[in-house]
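The values are calculated or read from the model by the stated rules, or taken from the named source; none is laboratory data. These numbers were taken from a predicted model, which means no experiment stands behind them. All Cβ positions, even for glycine, are placed from backbone atoms using ideal geometry, and neighbour counts span all protein chains on display.
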Amino acid sequence: MNERDLRKALGELSTGELHYFDSLGSTNDEALAWATQGAPDLSLVIADEQTAGRGRLGRKWFTPAGTALAFSLIFRPTEVEQAYLSRTVGLAGLAVCRALAGLSMSAELKWPNDVLVFAQKICGILVEAVWTGEDMDCQVIGIGMNLRRESVPEHAQLQFPATSLENLMSPMPERELILHDILAALIELRPKLSSAEFMKLWEEKLAFRGEVVKIQSPEGPTLQGELLGLDSDGSLRLKDENGNPVTVHFGDISLRPAA
Ligand code: ADP
């Protein structure tokens, strides 16, 4: 992967500028810094290797050289989109699902931020905000997808089972093409972000829908309930063991199947 091939692969897509690195700490950190310096909408930071890739709450995201797709996209919301910023993670997740569907792979979204194929994590998403005082200036959408087998961390380091594209299909398409397909899907879905149809699409892709799941958060007790769907802000709707509705807001939440 190099910058020239990447630019060629992105071709006609209306992305912003592109910064490519052979090795980088974290693409999100680089994109957050670039965003504060005015990077245009849909600018991209791409790295072959991340030495300090991040998950939520400082957890590590493993990206060894030559094995994965790791990039961060700067998302500058329009005035309309400003009211729907909690949906950005769904937009990214749906875009990844669509790109995988193009490879005949049925992916699901483990709320709030992971993409699963056959109930195994193939891709993680980390959306972070850039603030100017009290206003959100823009968001950075970090996406890490496991391509080669070597991109999957050792079993002992995993809190949830993981897989790679190579495990599921052979031969694999070029990284640049997968990147292209994710971005093309995101650009196509973006105008729907504020619509009820968007929430329906997102809900339809939720993993464990209709099943009993466990929700763990560091602050509170573990909650168990049937996963029903999403509220209009992307919060998760459950029915608890007593049949009462419960809403789970974004945060440091771990969702697992109960059984
Ligand atoms: P979760 O949503 O599963 O709680 P995060 O979004 O915080 O997790 O992602 C970080 C976690 O993902 C790490 O603690 C590790 O268990 C796992 N992980 C790290 N790198 C990878 C990878 N390349 N593929 C799959 N899982 C990974």
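Summary of computed values
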item: Pick from segment 230-243, criterion crowded, with 16+ Cβ neighbours inside 10 Å and not in a loop (DSSP other than H, G, I, E, B), ranking: farthest from the chain's Cα centre (by Cα); result: L238
item: Neighbours by Cβ (under 8 Å, 6+ apart or cross-chain): first from segment 241-252, among the acidic types (D, E); second surrounded by 11 or more Cβ atoms within 10 Å (Cβ to Cβ); result: E241/Q224; E241/G225; D252/R56; D252/S217
item: Residues of segment 208-226 classified as surrounded by 14 or more Cβ atoms within 10 Å (Cβ to Cβ) and among the hydroxyl-bearing types (S, T, Y), total; result: 1
item: Which listed residue is of a type in the set (A, V, I, L, M), modelled with pLDDT under 95 and within 21 Å of L126 (Cα to Cα), from L158, L186; result: L158
item: Scope segment 84-104; condition among the polar types (S, T, N, Q) and away from the ligand (no atom under 16 Å from the Cβ); matching residues; result: S86, S104
item: Hits in segment 150-166 (condition: more than 17 Å from the chain's Cα centre (by Cα), more than 6 Å from the ligand (Cβ to nearest atom) and under 12 Å from T67 (Cα atoms)); result: E150, E166
item: Odd one out for G16, checked against (1) within 16 Å of S151 (Cβ to Cβ); (2) touching a Pro at 6+ places or on another chain (Cβ under 7 Å); result: (1)
item: Filtered residues of segment 78-95 (kept if of a type outside the set (D, E, K, R) and surrounded by 18 or more Cβ atoms within 10 Å (Cβ to Cβ)); result: Y84, L85, T88, V89, G90, L91, A92, G93, L94, A95
item: Near pairs, Cβ below 7 angstrom, 6+ apart or cross-chain, from segment 134-147 (closer than 19 Å to T15 by Cβ) to any residue that is of a type in the set (D, E) and within 16 Å of the ligand (Cβ to nearest atom); result: Q139/E128; V140/E128
item: Test: D135 is at pLDDT below 95 and of a type outside the set (A, V, I, L, M, F, W, C); result: yes
item: Residue within segment 237-244 that is within 16 Å of the ligand (Cβ to nearest atom), of a type outside the set (D, E, K, R), modelled with pLDDT of 95 or more and touching a strand residue (DSSP E or B) at 6+ places or on another chain (Cβ under 6 Å) present; result: no
item: Residue match in segment 150-158 (condition: surrounded by 15 or more Cβ atoms within 10 Å (Cβ to Cβ), out of contact with any Lys or Arg (no Cβ under 6 Å at 6 or more places or on another chain), under 19 Å from N28 (Cα atoms) and touching a residue at least 60 places away in the same chain (Cβ under 8 Å)); result: yes
item: Criterion (within 18 Å of the chain's Cα centre (by Cα) and farther than 17 Å from V89 by Cβ) met by exactly one of L206, L179; result: L179
item: Members of segment 50-83 found to be more than 9 Å from the ligand (Cβ to nearest atom) and part of a loop (DSSP other than H, G, I, E, B), listed by number; result: T51, A52, A65, G66, R76, P77, T78, E79, V80
